[in-house]
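Just below is one structure, and these are the notes that go with it.
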Amino acid sequence: MYLLIPAAGSGRRMGSSRNKLLLPLMGKPLLAWTLLAAKNSRHVHWIGIVGQPQDWQDFKEIVADLGLTKSVRFIQGGTTRQESVYQGLRELPAVAERVLIHDGARCLATPDLLDRCTEALEDCIGLIAAIPVKDTIKVVNSTSHLIESTPDRRNLWAAQTPQGFVVEQLLQCHTEGLRRGWEVTDDAALFEQFNLPVKIVAGEETNLKVTTPVDLAIAELILRKRMRDEE
Ligand code: C5P
């Protein structure tokens, strides 16, 4: 399986002046944990890391330290995640029929999740890892800040990555989305706009997206527990 890792963001919401994926987590940069899952996946054989040029040197050192023997390609990202994924898709080898996209910031995803998504993608054209939401979600008016509605929680799922697609179709969706000026925060949203089916694969509760310092602290707790359980 071909895997694209969007890793071209900043550390703004983390309060860091550097790319948050370079911040240390249990002695390794965040991105190293994400790459470790890709390394240990049975199906992933090609990894495209989408980043910004100022981070190349650090990214290369992370890859070298992990002793990754799979094909690794560094691809220049854009100013939004959407642009970064689009650049990544355009740099996939021509033979790539299907692709998994997994945010570098979801550094706790397991190799098993990557493999389950790969296997599920054999029978569909689009999928995402997702989990049922635990909170009651409110739709709030952006100016008055008053609640407009409360969607039925039974129909609400929190989208994660990996998200997997047939490359040709996702590329078409991205190209057309760009032409129409659509702004989306995940790839499934583009598929949905074109009424293409996107399947849900059971995600992982621990597959959090490290965004703020609190997430980093939670990620550390989860990793410590995993290490204890493995002893
Ligand atoms: O900022 P956020 O955590 O939502 O970003 C999700 C993922 O997209 C992160 O792994 C981040 O590095 C990546 N990203 C990107 N290019 C951007 C912005 C974010 O690849 N311009």
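What follows is calculated from the coordinates using simple rules that are stated; it is not laboratory data. Because the structure is predicted, anything quoted here is derived from the model rather than measured. Cβ placement follows ideal geometry from the backbone for every residue including glycine, while neighbour counts extend to all protein chains displayed.
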query: Just wondering, is there one or more residues in segment 67-86 that are within 13 Å of the ligand (Cβ to nearest atom), in a helix (DSSP H, G or I) and among the basic types (Lys, Arg)?
result: yes
statement: Restricting segment 177-231 to residues that are free of Cβ contacts under 8 Å to residues at least 40 places away in the same chain and not in a helix (DSSP H, G or I), the one surrounded by the most Cβ atoms within 10 Å (Cβ to Cβ) turns out to be 182
message: I'm told residue 151 meets every condition in (1) free of Cβ contacts under 8 Å to residues at least 24 places away in the same chain; (2) touching a helix residue (DSSP H, G or I) at 6+ places or on another chain (Cβ under 9 Å); (3) surrounded by 12 or more Cβ atoms within 10 Å (Cβ to Cβ) except one. Can you identify the failing condition by its number?
response: (2)
field: Candidate set: segment 17-49, residues that are surrounded by 14 or more Cβ atoms within 10 Å (Cβ to Cβ) and among the hydroxyl-bearing types (Ser, Thr, Tyr); chosen: the one farthest from the ligand (Cβ to nearest atom)
entry: 41
message: When you check residue 10 against the structure, is it more than 10 Å from the ligand (Cβ to nearest atom) and part of a loop (DSSP other than H, G, I, E, B), yes or no?
response: no
Any strands (runs of 3 or more DSSP E) falling wholly within segment 97-174 and containing at least 3 residues that are away from the ligand (no atom under 16 Å from the Cβ): 126-132, 147-149, 157-166
